[in-house]
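The values are calculated or read from the model by the stated rules, or taken from the named source; none is laboratory data. Please read these numbers as outputs of a predicted model, since none were measured by experiment. Cβ coordinates were reconstructed from backbone atoms using ideal geometry, including for glycine residues, and neighbour counts include every protein chain displayed.
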Protein chains: 2
Amino acid sequence: MLVLITYDVATSSIGGSKRLRHVAKKCVDYGQRVQNSVFECVVDPQQFELLRHSLLKIADLEKDSIRFYFLGSNWQNKVEHYGTKEIVNIEEPIVL
Amino acid sequence: MLVLITYDVATSSIGGSKRLRHVAKKCVDYGQRVQNSVFECVVDPQQFELLRHSLLKIADLEKDSIRFYFLGSNWQNKVEHYGTKEIVNIEEPIVL
């Protein structure tokens with residue numbers, strides 16, 4: 001399933017940029033960074049539990065906001081993109 | 001249906017902050033700003049066409065990135081929030 005993760009971090013706060021880097025690093029293990037603080041992760045329920053656990057440990061929940069959106073398995077037609085940062089379909093095989 | 005809109009704007013670029021303000025203003029006509037550049041809008045298909053048209057006119061598509069995620073009508077169980085900025089359910093009636 002696709003889980004969209006949006007992470008609003010006070011980058012001006014002490015450690016904010018570092019937290020964002022850590023969150024990004026965890027998320028890209030399962031997917032891709034589609035915008036500066038938006039990540040699309042393809043996970044099964046168990047992987048999601050682990051990922052959420054890690055992210056909630058990294059985030060400072062008194063300063064930051066983190067949201068998870070569950071887009072299910074048939075998510076390919078549920079996303080539209082415009083503008084910069086063209087994105088690769090992470091579930092499509094790469095043809096070399 | 002709920003449409004999630006994520007808007008990655010180069011606020012350091014000329015007019016970036018202004019574009020973000022304009023995008024926010026349009027989006028909150030249909031919903032709420034849940035994070036700095038993340039908006040949840042409840043729209044019917046016709047309203048969505050109008051909203052998307054407006055947003056794509058505001059955004060500078062050579063610098064910014066805008067993504068739309070379609071969460072359907074039964075979106076209430078598809079969202080989890082942690083941290084700051086507690087959000088109101090925009091479809092729930094307000095009891096006075």
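Quick rundown of the values:
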{"quantity": "In region A:42-73, the residues that are touching a helix residue (DSSP H, G or I) at 6+ places or on another chain (Cβ under 7 Å), more than 22 Å from residue A:16 (Cα to Cα) and hydroxyl-bearing (Ser, Thr, Tyr)", "calculated": "A:69"}
{"quantity": "Some residue of region B:26-40 being part of a loop (DSSP other than H, G, I, E, B), hydroxyl-bearing (Ser, Thr, Tyr) and surrounded by 15 or more Cβ atoms within 10 Å (Cβ to Cβ)", "calculated": "yes"}
{"quantity": "Near pairs, Cβ below 8 angstrom, 6+ apart or cross-chain, from region B:40-63 (within 15 Å of residue B:25 (Cβ to Cβ)) to any residue that is assigned to a loop (DSSP other than H, G, I, E, B) and of a type in the set (Phe, Trp, Tyr)", "calculated": "B:41/B:30; B:51/B:30"}
{"quantity": "Subset of region A:61-80 (residues that are basic (Lys, Arg) and either part of a strand (DSSP E or B) or more than 7 Å from chain B (Cβ to nearest Cβ) (or both))", "calculated": "A:67"}
{"quantity": "Among (1) within 12 Å of another protein chain (Cβ to nearest Cβ); (2) surrounded by fewer than 22 Cβ atoms within 10 Å (Cβ to Cβ); (3) at pLDDT 95 or above, the one test that residue A:11 misses", "calculated": "(3)"}
{"quantity": "Of the criteria (1) modelled with pLDDT of 95 or more; (2) more than 24 Å from residue B:67 (Cβ to Cβ); (3) not aromatic (Phe, Trp, Tyr), which one residue A:52 fails", "calculated": "(2)"}
